[in-house]
Structure formats: structure tokens, C-alpha cells
Amino acid sequence: MDGNNYSNFLSLANTRRSVRAFAPMTVERAKLEYMLEAARLAPSAVNFQPWCFVVVREPDQLKALYECYPREWFASAPACIVVCGNHEASWKRASDGKDFCDVDVAIATEHLALAAAEQGLGSCWVCNFDTVRCREVLNLPPSWEPVVLLPVGYPAEGTKTERKRKPLNDVVKWERF
């Protein structure tokens, strides 16, 4: 395994950060494929797997993707994985019709982010972007929605690694709310 050696899941989860500054280094295809394999193995409701991962590495295509989320830090990423969902192919809960596409895509995206951290890479979930322009840039079929932009790269030197998390007692209730 390249990158850091994690002795347990909590160590890996604690290492994952939202990185918003990337070193000008190419991400090896093998590391991207490792991440994509982790996402492919993610669970989904009724195993429908309503996802697709579009890997963008070519400079012209990255520049076009930047139009969807014009932030300087985003432009520094040498790769971006666009996680797409297909609501027509996702499971819907019978009791209320809830569509689980976004839940499934979120699980797969976190698998990508954790695998990136394990490989010594940084990533950051981006959900506030121009989905119409993104759909055009990627030439997505009508049934596919771009849900998450996940810029990926080696964290730049001096990248802030501290993050605040709520204490466990603030987010856990036992037996009842």
C-alpha cells in the first residue's frame, strides 16, 4: 500500500480532511484506480449501485470544470472525480417513496475520500456548483445528475490539518432522542 500505514479505521477517518490547496503534482493513475475500486465496492440501497464516476485529468477539461465552481483553490487540483447519480436507477422506499440515489452517492463519495487519504492524497466534497454547466462539460445523458465534485491531489505544503469536531456526547443519543 502506498501512502500512510493505518493501523485501524479510526486512525484513517481522523486523517481525512477537506483539502483546499493542492501541490502541483500529477496523481498517479494507480492511486485513482484504487480510489475508484473502493467506491465501486461501496454499499447501496438494494445493491442498485446508481452511480458513475467521471475522472477528469486533462487540463482543458479541468479548466471547463472550473467554470462550474470558479474558486482558485479548486483550480489547483490536478484531478477531479465527478460523482454522478441516476435517480431512474436508484431504489425508492415503498412507505414514502424516498429516493436513495443521493444516499448511495454519498456513501460512494466518502469511500473515495477515505481511499484518497489512505493513499496520501487530499480531497474535498464540493456540492455547491453549477450542475447545468457540469452536465454540459461532461456530456452527461439526461438520466445522470452530477452530485459531487471531488477534487483530488497531493496536499500543498503547509495545508491546515486541524479541524473541529463536535464531542461524541453532542451527537449521540442512546435509546431515544
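Here are the numbers:
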quantity: Computed label-point distance, nm, for sites Leu10 and Asn47 using a 7 Å Cα→Cβ extension; calculated: 3.2 nm
quantity: Mean Kyte hydropathy of -0.5 or more with a Cα span along the axis of at least 20 Å, helices from DSSP in the chain; calculated: 101-118
quantity: Sequence-distant aspartates and glutamates (8 or more away, or on other chains) whose Cα lies within less than 13 Å of Lys98; calculated: Glu88
quantity: Rounded FRET efficiency, nearest 0.05, which uses the C-beta distance separating Ser143 from Arg93 and R0 of 22 Å; calculated: 0.65
quantity: With every protein chain in place, the chain: carbon and sulfur % of accessible area (1.4 Å); calculated: 52 percent
quantity: Selection of GluC sites (Glu not before Pro), the range 31-94, meeting DSSP coil and at most 13 other Cβ within 10 Å; calculated: Glu67, Glu88
quantity: Contour minus Cα-Cα distance for Ser76 and Glu33 (0.36 nm per residue); calculated: 13.4 nm
quantity: Per-residue [θ]222 nm for the chain (sum of -39500 (n - 2.57) over DSSP H runs n ≥ 4, rounded to 500); calculated: -9500 deg cm²/dmol
quantity: Reachable lysines from Lys63, criterion Cα separation under 30 angstrom, eight or more residues apart if same chain; calculated: Lys31, Lys160
quantity: Rounded accessible area per residue of the chain, 1.4 Å, Å²; calculated: 60 Å²
quantity: Average Cα contact separation per residue, the range 107-149, under 8 Å, 6 or more apart, as relative contact order %; calculated: 37 percent
quantity: Interchain or long-range residues, amide H under 5 Å from Val152's placed H; calculated: Ala79, Cys80, Ile81
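The values are calculated or read from the model by the stated rules, or taken from the named source; none is laboratory data. Bear in mind that the values here come from a model prediction, so they are computed numbers and not experimental data. Here the Cβ is made from the backbone with ideal geometry for all residues, glycine too, and neighbour counts use every protein chain on show. Accessible surface areas use protein heavy atoms only, side chains included; no ligands, DNA or RNA. Shrake-Rupley method; radii C 1.70, N 1.55, O 1.52, S 1.80 Å.
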